[in-house]
Amino acid sequence: MFRLQFGHTATKIIAPVAAAAALFAGSVNAPAQAVSSFGTFDPAAFGFTVPAAAGPVTPAPQTSASVQGIINQTNAQRVANGLAPLRVDPNLTNLAQDWANTLSRDGNTRHRPNYWTHYPAGLPAGGENVLQAWSDYSDARIVQLWMDSPGHRKNLLDPRAKSVGIGMAIGADGKLYAVQNFGR
């Protein structure tokens, strides 16, 4: 390791500045991640540390994206592909928001285990889309990331889907978690 001989006081100043620069560079350059069969990006493998959520996570009103915007972009994709738009189901919205909150607290992107068992009675389960991005991502970019993933695209363009619920939450580290639950 290279060490500059500036003295104890200079080290106290330079070390925090260098650490902040490394943290900032890591947060700006880290890619979005979506759960897939290929795995996920693990910042810890590259020496980045991600702070744990420090308390309750609230839905993401301070993001560039919005739940309504994602609904609009989802329906625009469906219409562009010759499918009917989806109606918003409040029960699916609660289900999706609950899972987005869980993901943002855990900082671990994954599908809800046996998600279909959590669907409201009488509502046939469709697919579930999960995404981790950053809070400055737009509605269009989030939906496009799902469209670029074959499995997520299949869920979003399922002709049997009739309804959707969307949840969004931001973790303490600035990561945005978005969840779509589809009903048939």
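A few points about this structure:
- Relative contact order of region 54-184, pairs being alpha-carbon contacts under 8 Å that are 6 or more residues apart, as %: 41 percent
- Highest average packing first - 113-125, 140-152, 93-105, 169-181, Cβ atoms within 10 Å: 169-181, 93-105, 140-152, 113-125
- Cα-projected label distance for residue 111 with residue 158, points at 7 Å along beta-carbon direction, nm: 1.0 nm
- Heavy-atom accessible area per residue - region 57-184, 1.4 Å, Å²: 43 Å²
- Calculated on the Cα set of region 67-183, radius of gyration then Dmax: 13.0, 39 Å.
- 3J(HN,Hα) along region 156-167, derived from phi through the Karplus expression 6.51 cos²θ - 1.76 cosθ + 1.60 where θ = phi - 60°, amounts to 5, 9, 5, x, 7, 5, 10, 9, 8, x, 10, x Hz, with x in place of Gly and Pro.
- Count Lys and Arg as plus one, Asp and Glu as minus one, and take only other residues whose Cβ is under 9 Å from that of residue 184; the net charge is then +1.
- Maximal additional length on extending the residue 94-residue 68 stretch stands at 7.9 nm, based on 0.36 nm per residue less the C-alpha distance.
- Charge sum, other residues only, whose C-beta stays under 12 Å from residue 72's C-beta, Lys/Arg counted +1 and Asp/Glu -1: 0
- Residue 121 paired with residue 87, simple spin-label distance in nm, labels 7 Å along Cα-to-beta-carbon: 2.1 nm
- Annotation: amide H-H contacts under 5 Å for residue 162 (H modelled 1.01 Å from N, sequence separation of 5 or more, or interchain): 183, 184.
- Solvent-accessible area, 1.4 Å probe, carbon plus sulfur percent, for region 67-183: 51 percent
- Note on exposure: 184, 78, 112, 160 ranked by accessible area (1.4 Å probe, complete protein assembly) read 160, 184, 112, 78, with the most exposed listed first.
The values are calculated or read from the model by the stated rules, or taken from the named source; none is laboratory data. Just so we're clear, the structure is a prediction, and the values are computed from it rather than from any experiment. Note that we place each Cβ from the backbone using ideal geometry, even for glycine, and neighbour counts take in every protein chain shown. With ligands, DNA and RNA removed, areas are computed over all heavy atoms of the protein, side chains included. Shrake-Rupley method; radii C 1.70, N 1.55, O 1.52, S 1.80 Å.
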